[in-house]
Amino acid sequence: MTPATSGSPAPVAETGRVLIGVLALQGDFAEHLASLRACGVEGIDVIEVRTLAQLESVDGLIIPGGESTTIARLLLAFDLMDPLRARIREGLPVWGTCAGAIMLATEVTNLDRPPIAAMDITVERNAFGRQIDSFEEDLTVTGLDGPIHAVFIRAPVITRAGAGVDVLCRLEDGRIVAARQGSLLATAFHPELTPDHRIHAMFARMVLDHAPGHGRARAAVETS
Amino acid sequence: MTTNGNTNGTSPNRATGTWVEKSGLAQMLKGGVIMDVMEAEQAIVAQEAGACAVMALERIPSQIRAAGGVARMSHVNKIKEIQSAVSIPVMAKARIGHFVEAQILQALGVDYIDESEVLTPADDVHHIDKAEFSVPFVCGCRNLGEALRRISEGAAMIRTKGEAGTGDIVEAVRHMRALWADIRRIQGMRDDELYVVAKDLQVSIDLVRDVKRLGKLPVVNFSAGGVAGPADAALMMQLGAEGVFVGSGIFESGKEFPEGSRERLEAQRRMATAIVKAVTHFNDPQILAEVSQDIPESMRGQSVSSMAPSELLAGRGN
């Protein structure tokens with residue numbers, strides 16, 4: 001296909017740093033990159049992921065907001081879908097926001113074949129209606145001190161969370177909008193559109209905790 | 001930017017129709033292709049090809065040029081058919097200044113309204129007061145002044161106009177270069193020189209300061225008007241577009257196959273797919289060469305330099 005524009009970085013065990021990719025096929029990947037850079041967690045580097053070489057190089061991946069059908073088609077068209085599934089099976093930490101959460105779900109309402117199908121949740125697309133029904137709201141997320149201002153844009157909801165899934169956030173009506181299963185994180189809203197980077201910091205720590213040689217990576221965080 | 005949102009019944013701290021919501025949807029469209037469609041069947045082709053949204057309109061611009069007469073908002077039945085055919089966002093065009101077409105489109109629940117010079121203007125002085133609406137608007141521009149005036153009126157997304165329906169990229173390039181030249185000029189200015197810019201462009205000093213601070217428009221900016229294949233799409237991305245609108249470039253292609261045939265629709269699907277891939281990998285000539293293989297003939301088009309000034313659409317609504 002194409003040569004990666006950047007060479008593969010040195011492994012985590014040597015540097016104590018991790019590389020977090022943002023899938024950059026379509027959507028608001030630039031906002032995620034900026035939020036990661038500003039999230040205050042030391043020991044992370046960030047790259048855009050468009051090629052197989054870039055995908056193979058990362059220690060964690062964010063699937064951004066965008067159009068899930070577009071992103072899914074581009075993953076297939078550029079032969080990235082199977083390698084991504086393989087890396088997730090091996091334990092790659094992945095966080096999906098909005099379209100990204102749809103991408104991760106094993107079941108998507110009104111969709112025969114869910115795109116990546118990795119996280120044991122059912123997601124309903126456009127669960128709140130059309131764009132005029134999109135909304136902002138302050139919500140409480142498990143693991144964060146104090147509420148977060150959540151921006152929902154033609155957002156999905158998680159209608160079912162499997163046995164191994166921790167629910168991190170619900171709306172007042174009880175519907176689930178953030179969840180975690182092992183190294184997979186899904187949010188129906190867009191922390192990348194606000195100046196509050198706490199969920200980016202949470203994910204960056206997930207990647208640091210998970211990466212091989214993380215002991216040294218952790219030390220770098222704690223001493224900085 | 002002000003928030004003209006309102007809270008609705010479900011939760012005391014919930015707000016809809018805010019500036020963050022309106023401009024945020026455009027953020028989700030970035031790196032994508034928005035395709036003009038007239039029929040549900042075309043909308044399905046667009047979605048399957050990877051369009052990030054579709055734009056419903058009565059006739060694609062090349063047909064508007066050929067047909068003459070008055071070009072209006074798409075028929076309500078057609079918009080509803082398109083909305084029920086696809087899951088991606090559905091946009092629709094309203095005539096410049098025709099705020100009742102916009103009210104109807106908002107009532108239909110379209111996801112974005114394009115107040116568009118491609119349709120026959122309904123008001124030759126005023127644009128729609130877009131801040132009054134819950135639904136977001138995209139508007140065309142030829143330069144920074146037009147872009148900022150539309151943003152002042154409430155546009156949450158901008159597209160450079162180009163010259164729709166021609167298949168000639170020259171005007172799209174001219175407008176994108178003009179926009180970025182103005183932005184770079186402002187970035188090089190002292191703060192006390194921005195007042196005269198605001199005066200010349202007839203916009204608020206705050207918007208001019210935003211442009212200097214951000215080094216770009218304060219909203220997402222796509223390219224439109226003349227993209228006729230993957231190379232054109234990647235050209236506009238390299239010139240600073242954050243995504244592209246394609247109209248006639250897809251559904252006027254593949255004319256080597258009979259009208260209404262499966263082959264022609266398949267050819268158009270290939271063209272649409274190639275443009276989507278080109279926008280993702282706009283900076284990679286190797287991939288651009290690969291995606292350009294086996295695409296159908298581009299639309300024959302019409303060179304803008306051969307046209308009379310009265311035939312040009314981009315001058316409408318400045």
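The values are calculated or read from the model by the stated rules, or taken from the named source; none is laboratory data. A quick note: this is a predicted structure, and the numbers were derived from the prediction, not measured. Virtual Cβ from ideal backbone geometry, glycine too; neighbours counted across all protein chains shown. Side chains are part of the model used for accessible areas, which takes the heavy atoms of the whole protein and leaves out ligands, DNA and RNA. Shrake-Rupley method; radii C 1.70, N 1.55, O 1.52, S 1.80 Å.
Give the carbon-plus-sulfur fraction of the accessible surface of the range A:18-223 in %, rounded to a whole number; probe 1.4 Å, heavy atoms of protein chains only. Please report the intermediate quantities before stating the final value.
Details: 3500 of 7350 Å².
Ligands and nucleic acids excluded, carbon and sulfur give 48 percent.
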>> Can you tally the net charge around A:ALA150? Count Lys and Arg as +1, Asp and Glu as -1, for every other residue whose Cβ sits under 13 Å from the Cβ of A:ALA150.
In response: -3
> Quick one: if you stick a label point 7 Å off each Cα along the C-beta vector at B:GLN103 and A:THR142, how many nm between them?
Replying inline: 4.9
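Ignoring any ligand, DNA or RNA, what whole percent of the accessible area of chain B comes from carbon and sulfur when the probe is 1.4 angstrom? Before the final figure, lay out each step's value.
Working: 5970 of 12430 Å².
For chain B, the apolar C and S fraction of the accessible surface comes to 48 percent.
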> Pairing the Cα long axis of helix B:99-108 with the longest principal axis of chain B, what angle in degrees results, from 0 to 90 and rounded to the nearest 10?
Replying inline: 70
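Show me B:305-315, B:85-95, A:136-146 ranked by packing, highest mean number of other Cβ atoms within 10 Å first. Let's see the in-between values first.
Details: B:305-315: 12.5, B:85-95: 23.9, A:136-146: 15.4.
Highest mean packing first, the order is B:85-95, A:136-146, B:305-315.
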> Could the peptides B:57-64, B:192-199 be put in order, highest first, of the mean number of other beta-carbon atoms found within 10 Å of their residues?
Replying inline: B:57-64, B:192-199
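Over chain B, with the other protein chains present, what is the accessible area per residue in square angstrom, probe 1.4 angstrom? Write out the running numbers ahead of the final one.
On the way: 12430 Å² over 318 residues.
Per residue, chain B has an accessible area of 39 Å².
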> Cα centroid distance between the range B:127-174 and the range A:155-218, in Å?
Replying inline: 37
> Using alpha carbon centroids, what distance separates the range A:102-122 and the range B:34-72, in Å?
Replying inline: 30
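Using 32 Å as the Cα-Cα cut-off, could you pick out the over-long pairs in B:LYS80/B:LYS277; B:LYS22/B:LYS255; B:LYS216/B:LYS277; B:LYS161/B:LYS199; B:LYS78/B:LYS212? Don't skip to the answer; put the middle values down first.
Working: B:LYS80/B:LYS277 29 Å; B:LYS22/B:LYS255 38 Å; B:LYS216/B:LYS277 25 Å; B:LYS161/B:LYS199 23 Å; B:LYS78/B:LYS212 42 Å.
Check vs 32 Å cut-off fails for B:LYS22/B:LYS255; B:LYS78/B:LYS212.
Explain nothing, just the number: relative contact order of chain B, from Cα pairs under 8 Å at least 6 residues apart, as a whole percent. Kindly include the intermediate steps, with their values, before the conclusion.
Numbers: 674 pairs, mean separation 57.8, N = 318.
Value for chain B: 18 percent.
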> Taking a probe of 1.4 Å, how large is the accessible area per residue of chain A, in Å²?
Replying inline: 38
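Based on the alpha-carbon gyration tensor of the range B:173-318 and its eigenvalue square roots a ≥ b ≥ c, which shape applies: rounded if a/c is under 1.5, prolate if not and a/b is larger than b/c, or oblate?
Numbers: a/c = 3.29, a/b = 1.95, b/c = 1.69.
Note, shape of the range B:173-318 comes out prolate.
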> Translational D (Stokes-Einstein, µm²/s) of the protein assembly as shown at 37 °C and 0.692 mPa s when Rh comes from the Kirkwood sum over C-alpha pairs?
Replying inline: 138
> What is the local net charge at B:TYR195, summed over the other residues whose Cβ is closer than 14 Å to its Cβ (Lys, Arg +1; Asp, Glu -1)?
Replying inline: -1
>> What Kirkwood Rh does chain B have if only Cα atoms enter the pairwise 1/r average? Answer in Å.
In response: 19.7
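Compute the relative contact order of the range A:18-223 as a whole-number percentage, counting only Cα pairs closer than 8 Å that sit 6 or more residues apart in sequence. Please report the intermediate quantities before stating the final value.
Working: 441 pairs, mean separation 42.5, N = 206.
21 percent.
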> Using the Cβ atoms and a cut-off under 10 Å, what net charge is assigned to the surroundings of B:ALA67, where Lys and Arg are +1 and Asp and Glu are -1?
Replying inline: +1
> Residues of the range B:267-282 with accessible area at least 50 Å² lower in the all-protein-chain context than alone (1.4 Å probe)?
Replying inline: B:LYS277, B:THR280, B:HIS281
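Kindly rank B:160-169, B:118-127, B:254-263, B:36-45 from highest to lowest mean number of other beta carbons found within 10 Å of each residue. Write down the numbers at each step before the final one.
Details: B:160-169: 27.8, B:118-127: 17.0, B:254-263: 12.4, B:36-45: 21.0.
Ranking, from highest mean packing down: B:160-169, B:36-45, B:118-127, B:254-263.
Once A and B are treated as a pair rather than alone, how much accessible area drops out, both sides summed, in Å² to 100, probe 1.4 Å?
Details: alone 10280 and 14100 Å², together 21030 Å².
So the total buried area for this chain pair works out to about 3300 Å².
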> Restricting attention to the alpha-carbon atoms of the range A:46-197, what are Rg (one decimal) and Dmax (integer), both in Å?
Replying inline: 14.7, 43
> Looking only at B:ASN13, B:ASN77, B:ASN283, which one moves most when chain B is put into a Gaussian network model with springs between Cα atoms under 10 Å?
Replying inline: B:ASN13
> Other chains' Cβ within 10 Å of B:83-91 residues: what's the mean?
Replying inline: 3
> What residues in the range A:36-76 lose 10 Å² or more of accessible surface when the other protein chains are added to their chain alone (1.4 Å probe)?
Replying inline: A:ARG50, A:GLY66, A:GLU67, A:THR69, A:THR70, A:ARG73, A:LEU74
> How crowded by other chains is A:146-159, given as the mean number of beta carbons from other chains within 10 Å of each beta carbon?
Replying inline: 2
> By how many degrees, 0 to 90 and rounded to 10, does the Cα axis of helix B:19-29 deviate from the longest principal axis of chain B?
Replying inline: 30
